[in-house]
Amino acid sequence: MTPDELHDEAENTALELPQSRLTFPFGEDWEVYKVIDRVFMLMTRVTGVQQVTLKAEPDEARALVEEFDNVTPGYHMNKKHWLTVYPPAGKDTHVLEVEDIRELVISSYLLVVTKMEKNKRPVDPHAYGEARDNR
C-alpha cells in the first residue's frame with residue numbers, strides 16, 4: 001500500500017457515507033471528516049508520511065495495534081479510542097492492507113453515529129452494514 005492508496009481509499013470511503021463532509025478546522029494540513037458535526041476520521045502528512053486516524057472500539061484498537069506493524073495508537077488523540085494507520089515502511093512485515101481501510105473507515109463512522117441522538121442519525125448504525133451487503 002502506497003501513501004496515495006491509503007489516502008485515496010480512506011477519502012473515497014469517507015465521502016461515500018451519508019452526511020459525511022470534509023472540513024479543515026485545524027488548517028489545511030489536516031483533513032477532518034465529520035458526520036453531521038462529529039469527527040470520525042482525520043488525515044495528514046504533518047509527520048512526513050500520510051496517516052489516517054480513525055475511531056475504534058478500545059478492544060479492537062488494541063488488537064489492531066498489536067497485530068499490524070503499520071497501526072499505532074491514535075496520533076494526538078485518545079490512545080484508547082483512536083488508532084492511526086500508516087503506509088507500510090520497508091521493515092514492516094505484517095501490515096494492514098488498503099482493502100481493510102474501507103472497513104475501518106465505515107466502522108469509525110458507525111461508532112460516531114451510534115453515539116448520536118436517534119433522531120439526528122443519518123443512518124441506522126445497526127442496519128447500515130446489512131443494507132449495504134444486500135445491494
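Kindly provide the set of residues from the stretch 13-26 that are open to solvent by 70 Å² or more (accessible area, probe 1.4 Å) and in a loop (DSSP other than H, G, I, E, B), ordered by number. Show your work before the answer.
We begin by selecting, within the stretch 13-26, every residue open to solvent by 70 Å² or more (accessible area, probe 1.4 Å); these are 15-16, 19, 21, 24-26.
Residues satisfying the conditions are 19, 24, 25, 26.
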Residues that are in a strand (DSSP E or B), touching a His at 6+ places or on another chain (Cβ under 8 Å) and hydrophobic (A, V, I, L, M, F, W, C), drawn from the stretch 39-74: 43, 52
Selection count, the stretch 106-125, where residues are in a loop (DSSP other than H, G, I, E, B) and of a type in the set (D, E, K, R): 4
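Only one residue in 37, 124, 29, 59 is touching a strand residue (DSSP E or B) at 6+ places or on another chain (Cβ under 6 Å) and loosely packed, with under 15 Cβ neighbours inside 10 Å, so which one is that?
On the way: 37 fails: touching a strand residue (DSSP E or B) at 6+ places or on another chain (Cβ under 6 Å); 124 fails: touching a strand residue (DSSP E or B) at 6+ places or on another chain (Cβ under 6 Å); 59 fails: touching a strand residue (DSSP E or B) at 6+ places or on another chain (Cβ under 6 Å).
From the options 37, 124, 29, 59, the qualifying one is 29.
Residue under question is residue 10, and the condition is that it be assigned to a helix (DSSP H, G or I), under 22 Å from residue 127 (Cβ atoms) and not charged (D, E, K, R); does it hold? Before you say what the answer is, go through the steps one by one.
On the way: assigned to a helix (DSSP H, G or I): yes; under 22 Å from residue 127 (Cβ atoms): no; not charged (D, E, K, R): yes.
Against the criterion (assigned to a helix (DSSP H, G or I), under 22 Å from residue 127 (Cβ atoms) and not charged (D, E, K, R)), residue 10 does not qualify.
The values are calculated or read from the model by the stated rules, or taken from the named source; none is laboratory data. It should be emphasised that the depicted structure is a prediction, and the values quoted were computed from it without experimental measurement. For neighbour counting, all protein chains shown are included, and Cβ atoms are generated from backbone atoms with ideal geometry for every residue, glycine included. Ligands, DNA and RNA are stripped out before the accessible areas are found, and what is left, the full protein with its side chains, is counted by its heavy atoms. Shrake-Rupley method; radii C 1.70, N 1.55, O 1.52, S 1.80 Å.
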